[in-house]
1. Those residues that are aromatic (Phe, Trp, Tyr) and closer than 19 Å to residue 65 by Cβ, I need them from region 15-45; list them, please.
2. Where in the chain are there helices (runs of 4 or more DSSP H), lying wholly inside it, with at least 2 residues that are at pLDDT 90 or above and out of contact with any Ser or Thr (no Cβ under 7 Å at 6 or more places or on another chain)?
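The values are calculated or read from the model by the stated rules, or taken from the named source; none is laboratory data. Here the structure is a predicted model, which is why all the values come from computation and not from measurement. Cβ placement follows ideal geometry from the backbone for every residue including glycine, while neighbour counts extend to all protein chains displayed.
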Amino acid sequence: MIASTFTLAEQLFTPEQLREDLDFLVSKIVEEYYNPWFKVDEDVFWNLVAEKRAQLDHHMTWSEFYKGDK
């Protein structure tokens, strides 16, 4: 299990794959959370999503994607 987790963390994903993951996460927050705007302003949230999408212009590892490393 540790080896497979390490491999996943080091695998490079395409910008398209990363955008799909981001879109999935965003959709779950918006659709599933009872009140997603309780702790964060909706405009701030969408601005952060747009900023993150703009960063997804090159291949990244899983850890770079989730940590926000560039």
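1. 24, 45
2. Values: elements: 2-10, 15-32, 42-55, 62-67.
Of the helices (runs of 4 or more DSSP H) lying wholly inside the chain, those with at least 2 residues that are at pLDDT 90 or above and out of contact with any Ser or Thr (no Cβ under 7 Å at 6 or more places or on another chain) span 15-32, 42-55.
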